[in-house]
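Okay, so here's the structure we're looking at.
The values are calculated or read from the model by the stated rules, or taken from the named source; none is laboratory data. Source: prediction; values computed, not measured. All Cβ positions, even for glycine, are placed from backbone atoms using ideal geometry, and neighbour counts span all protein chains on display. The protein model used for the area step is the full one, side chains on, heavy atoms only, and it has no ligands, DNA or RNA in it. Shrake-Rupley method; radii C 1.70, N 1.55, O 1.52, S 1.80 Å.
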Amino acid sequence: MILLHKLGDYRYGYPQRKSIWDQDAKAFIHLEAVLIETTFQLNALAPQNPDQPYLPTASDLLNLVAIILQSDATRQTLQAHKIGIYRVQDLRQIYFVDDRDQFAASPSFDFTLTHSRTLKSSVPMVQTFESNLYRT
């Protein structure tokens with residue numbers, strides 16, 4: 001079993017702001033975008049049986065996932081959606097006592113994806129303007 005957990009988002013830098021005139025909609029389109037680094041953690045559990053030593057360990061499974069995450073196919077697929085892989089970190093090996101009172105391994109590693117979050121708003125064109133200036 002491989003488990004995926006989101007650890008958090010880190011906003012990188014300041015938001016980019018720009019306004020564009022949309023001639024078809026007769027409105028200003030205001031865009032605000034910020035770069036985000038999102039970190040995920042992958043854990044694996046794979047019960048071991050001494051009678052079946054050929055089965056992959058939890059560490060074997062996670063090392064395979066790390067290779068897949070860093071492959072050209074994954075990178076190209078993510079780039080097509082404007083997502084980048086920033087970092088795949090080292091594998092950590094953690095042991096715990098399972099429900100059968102045996103030590104089991106639960107390896108994990110973190111990886112970070114980069115992407116942007118965009119806020120879009122529309123401001124309609126001003127049709128008329130009346131100046132009401134009065135002397136006080």
* Is there a residue in segment 1-12 that is at pLDDT below 95, open to solvent by less than 100 Å² (accessible area, probe 1.4 Å), part of a strand (DSSP E or B) and farther than 30 Å from ARG100 by Cα? -> no
* To do: Name, by its number, the condition in (1) at pLDDT below 95; (2) more than 30 Å from ARG100 (Cβ to Cβ); (3) not acidic (Asp, Glu) that does not hold for THR39.
  => (1)
* Asked: For segment 13-55, how many residues meet the condition of being on the phi < 0 side of the Ramachandran plot and part of a strand (DSSP E or B)?
  -> 27
* How about segment 13-25: which of its residues are open to solvent by 80 Å² or more (accessible area, probe 1.4 Å) and of a type in the set (D, E, K, R)? -> ARG17, LYS18, ASP24
* To do: Identify the residue in segment 69-82 that is more than 30 Å from SER19 (Cα to Cα) and in a loop (DSSP other than H, G, I, E, B) and, among all such residues, is most open to solvent (accessible area, probe 1.4 Å).
  => GLN70
* Give the residue, chosen from ASP72, ASP90, ASP110, that is of a type in the set (D, E, K, R), closer than 15 Å to ALA44 by Cβ and at pLDDT 95 or above. => ASP110
* Residue by residue through segment 19-45, note down the ones that are of a type in the set (Gly, Ala, Ser), more than 30 Å from GLN93 (Cα to Cα) and touching a strand residue (DSSP E or B) at 6+ places or on another chain (Cβ under 6 Å). => SER19, ALA27, ALA33
* To do: Search segment 89-128 for residues being under 30 Å from ASN49 (Cβ atoms), charged (D, E, K, R) and outside any loop (DSSP other than H, G, I, E, B), and hand back the single one that is most open to solvent (accessible area, probe 1.4 Å).
  => ARG92
* Structure fact -> Checking LEU35, LEU42 in turn, the sole residue that is farther than 30 Å from ASP60 by Cα and either touching a residue at least 60 places away in the same chain (Cβ under 8 Å) or among the β-branched types (Val, Ile, Thr) (or both) turns out to be LEU35
* Taking the stated definitions as given, is ILE85 touching a Pro at 6+ places or on another chain (Cβ under 8 Å) and open to solvent by less than 100 Å² (accessible area, probe 1.4 Å)? -> no
